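Colleague: Have a look at the structure that comes next, please.
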Amino acid sequence: MLVKTFCAAVNGLDVTTVTIEVSMTRGVLYHLTGLPDSAVKESRDRIAAACQNIGYKFPVADITVNMAPADLRKEGSAYDLPLAIAILAANNKVERGHLHEYMVVGELGLDGKLQPIRGALPVAIRARAEQFKGLIVPIQNIREAAVVNNISVYGMESLMDVIQFFNGSKYYEPTVIDTRKEFFQQQCHFDLDFADVRGQENVKRAMEVAAAGGHNLIMVGPPGSGKSMMAKRLPSILPPLSLAESLETTQIHSVAGKLGRGMSLISQRPFRSPHHTISQVALCGGGNNPQPGEISLAHNGVLFLDELPEFNKATLEVLRQPLEDRKITISRAKYTLEYPCSFMFVASSNPCPCGYYGDPTHNCVCTPGQIQRYMNKISGPLLDRIDIHCEIQAVPFAELSQMEAGESSETIRERVIKARQIQEVRYKDFKGIHSNAQMTERMIHEFAEPDAESLNMLRMAMERLKLSARAYSRILKVARTIADLEGSEKVQSIHIGEAIGYRSLDRGDWAERGL
């Protein structure tokens with residue numbers, strides 16, 4: 001007797017429908033085909049124990065299981081439930097009449113309980129695209145999968161629940177969640193606020209410009225000056241996620257298994273801050289069982305690298321291409337995957353090994369050579385891709401002891417949103433372009449062309465600071481953002497002047513001057 005059930009294989013963000021075919025004849029052998037990995041091969045023992053513990057016996061027969069398409073490698077434990085249902089249906093313990101209408105995924109515990117899986121959201125999207133009537137997932141994944149409309153999603157606690165569902169012996173209601181209502185309610189609730197930051201008005205301004213245009217930013221200053229504190233508050237001034245961005249971000253976190261229990265859509269922009277010991281694979285993604293890296297988990301949000309020179313230089317260099325292309329292709333012998341990684345890159349650094357170069361309250365003990373070597377850990381090509389360089393000093397006691405709160409994140413965010421709305425209108429005819437940081441060279445000439453006075457100022461800066469052509473483009477992009485914040489149609493010399501001021505690390509006399 002031949003029985004079919006349907007599940008899905010998740011590879012990167014791509015999902016392929018997998019057909020489980022079970023043929024049962026007289027005998028005692030168990031054959032599993034279709035390129036299963038070790039976790040899938042071990043499913044036979046989990047299924048047998050789960051059946052035993054809910055009152056069913058594993059069939060004593062010659063069982064042949066094929067997982068089609070047979071040339072696609074099957075990895076993970078999400079195939080346990082569809083395999084169990086197919087085997088029990090072939091043994092006449094489960095009604096077969098409606099199996100073809102549902103996609104089924106889930107891991108089995110030995111007691112028959114269902115365990116959560118990764119990638120429930122992209123699986124639900126695939127099930128809807130394949131026009132299945134419904135999707136059955138573990139109860140822990142129900143809110144994640146129920147985000148997808150126009151398909152009935154059922155959250156089950158155990159194998160027995162699924163058996164009763166297909167046999168019609170018990171009625172189950174599909175889960176319906178008003179995710180959009182929850183999404184919009186949670187968008188503006190932040191635990192951290194710029195109102196807590198005393199002083200540092202120049203850094204706040206730089207962060208506002210960065211947020212308004214989606215620009216990359218680096219802060220350089222002594223320990224305790226507030227670099228990490230302000231970076232963590234950056235998401236609170238970024239524009240809210242759109243539903244499309246939220247769905248895309250949630251899919252990545254779902255595939256990586258990073259969604260907490262009970263979560264549906266990610267409603268706030270992600271903020272990722274990996275430790276400086278991170279490896280290249282953990283940063284970019286990949287591995288034996290391919291997973292998104294930190295740069296993809298930061299998609300539509302912020303990637304913050306604290307103490308940038310402490311990171312392995314080879315690890316930092318892999319950021320070059322993703323910062324330009326806003327996607328990363330991971331090619332290995334067994335697979336090729338592509339993950340999106342459109343993120344704001346924010347970094348912080350001490351100015352020297354001891355951390356106090358240029359600090360008026362501490363004496364720096366580093367030699368010019370040590371300072372130069374320390375800053376040279378950040379390569380020129382990587383620094384070129386950072387639009388805004390911001391020097392920061394420790395806050396004096398007089399400002400730190402003030403009781404007045406600083407400008408709130410909500411107020412700054414309103415200005416940022418207005419600037420982004422201007423950019424949305426400007427780039428509405430350009431596919432994939434939503435902010436000034438994404439402008440191409442042709443668009444820079446069209447929308448950020450400087451006047452004669454600005455061009456003269458820019459030429460002097462290029463000659464004096466020996467800036468690259470990429471730095472020239474970055475200055476114009478930042479100047480365009482500053483003009484948008486002021487509501488100016490044209491890029492003026494004052495905007496160019498401020499943008500040039502954000503290229504301080506391009507100066508070659510770093511180790512010979514005071515901050």
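Colleague: If a residue has to be closer than 14 Å to PHE345 by Cβ, in a loop (DSSP other than H, G, I, E, B) and either out of contact with any Ser or Thr (no Cβ under 9 Å at 6 or more places or on another chain) or open to solvent by 50 Å² or more (accessible area, probe 1.4 Å) (or both) to count, how many in segment 263-284 make the cut? Lay out the reasoning, then the answer.
Modeller: Of segment 263-284, the ones closer than 14 Å to PHE345 by Cβ are 269-274, 283-284.
Those still in the list that are in a loop (DSSP other than H, G, I, E, B) too: 269-270, 273-274.
Applying the additional criterion that residues be either out of contact with any Ser or Thr (no Cβ under 9 Å at 6 or more places or on another chain) or open to solvent by 50 Å² or more (accessible area, probe 1.4 Å) (or both) yields 273-274.
Total meeting the criteria: 2.
Colleague: Still on this model: Would you call ALA49 at pLDDT 95 or above, surrounded by fewer than 19 Cβ atoms within 10 Å (Cβ to Cβ) and of a type in the set (A, V, I, L, M, F, W, C)?
Modeller: Details: at pLDDT 95 or above: yes; surrounded by fewer than 19 Cβ atoms within 10 Å (Cβ to Cβ): yes; of a type in the set (A, V, I, L, M, F, W, C): yes.
So ALA49 passes the test.
Colleague: Under the condition of being in a loop (DSSP other than H, G, I, E, B), of a type in the set (Val, Ile, Thr) and surrounded by 15 or more Cβ atoms within 10 Å (Cβ to Cβ), which residue from segment 362-388 is modelled with the highest pLDDT?
Modeller: Selected residue: ILE386.
Colleague: What do you reckon, is PHE166 of a type outside the set (Asp, Glu), in contact with a His (Cβ under 8 Å, 6 or more places away or on another chain) and at pLDDT 90 or above? Let's see the steps before the verdict.
Modeller: Working: of a type outside the set (Asp, Glu): yes; in contact with a His (Cβ under 8 Å, 6 or more places away or on another chain): yes; at pLDDT 90 or above: yes.
Here the answer is yes, as PHE166 does meet what is asked.
Colleague: Further, regarding this structure: From the residues in segment 29-46 that are touching a residue at least 12 places away in the same chain (Cβ under 8 Å) and more than 27 Å from TYR335 (Cβ to Cβ), which one is surrounded by the fewest Cβ atoms within 10 Å (Cβ to Cβ)?
Modeller: Once the filter is applied, the top-ranked residue is LEU29.
Colleague: Considering only segment 17-28, state which residues are touching a residue at least 60 places away in the same chain (Cβ under 8 Å) and either over 21 Å from LEU337 (Cα atoms) or loosely packed, with under 14 Cβ neighbours inside 10 Å (or both).
Modeller: ILE20, GLU21, VAL22, SER23, MET24
Colleague: Another question, if that's okay. Conditions first: (1) in contact with a helix residue (DSSP H, G or I) (Cβ under 9 Å, 6 or more places away or on another chain); (2) open to solvent by 30 Å² or more (accessible area, probe 1.4 Å); (3) not in a helix (DSSP H, G or I). GLY260 passes all but one, so which condition is the exception?
Modeller: (1)
Colleague: Out of the residues in segment 461-488 that are farther than 17 Å from GLN421 by Cα and either polar (S, T, N, Q) or without any contact (Cβ under 8 Å) to a residue 12 or more places away in the chain (or both), which is most open to solvent (accessible area, probe 1.4 Å)?
Modeller: ARG464
Colleague: Starting from residues that are outside any helix (DSSP H, G or I) and either among the basic types (Lys, Arg) or touching a residue at least 24 places away in the same chain (Cβ under 8 Å) (or both), keep the ones in segment 489-506 and report whichever is farthest from LYS418 (Cα to Cα).
Modeller: So, considering only residues that are outside any helix (DSSP H, G or I) and either among the basic types (Lys, Arg) or touching a residue at least 24 places away in the same chain (Cβ under 8 Å) (or both), the one farthest from LYS418 (Cα to Cα) is ARG503.
Colleague: Does ILE117 qualify as being out of contact with any Leu (no Cβ under 6 Å at 6 or more places or on another chain), buried (at least 20 other Cβ atoms within 10 Å of the Cβ) and part of a strand (DSSP E or B)?
Modeller: no
Colleague: If LEU135 satisfies every condition in (1) open to solvent by 30 Å² or more (accessible area, probe 1.4 Å); (2) within 27 Å of GLY55 (Cβ to Cβ) but one, which is the exception?
Modeller: Unmet condition: (1).
Colleague: What are the residues in segment 406-456 that are open to solvent by 70 Å² or more (accessible area, probe 1.4 Å), assigned to a loop (DSSP other than H, G, I, E, B) and under 30 Å from ARG198 (Cα atoms), if any?
Modeller: Scanning segment 406-456 gives a single hit, GLU407.
Colleague: List the residue pairs whose Cβ atoms are under 6 Å apart, where the first residue sits in segment 117-130 and is free of Cβ contacts under 8 Å to residues at least 60 places away in the same chain, the second is part of a helix (DSSP H, G or I), and the two are 6 or more positions apart or on different chains.
Modeller: Hits for this filter: ALA124/ALA145.
Colleague: Which ranges mark the strands (runs of 3 or more DSSP E) fully within segment 285-345 that have 1 or more residues being at positive phi and open to solvent by less than 10 Å² (accessible area, probe 1.4 Å)?
Modeller: It comes to none.
The values are calculated or read from the model by the stated rules, or taken from the named source; none is laboratory data. All values derive from a computational prediction rather than experimental measurement. Please note: Cβ atoms are built from the backbone with ideal geometry, for glycine as well, and neighbour counts cover all protein chains shown. These area figures cover heavy atoms from the full protein model, side chains too; ligands, DNA and RNA do not enter into them. Shrake-Rupley method; radii C 1.70, N 1.55, O 1.52, S 1.80 Å.
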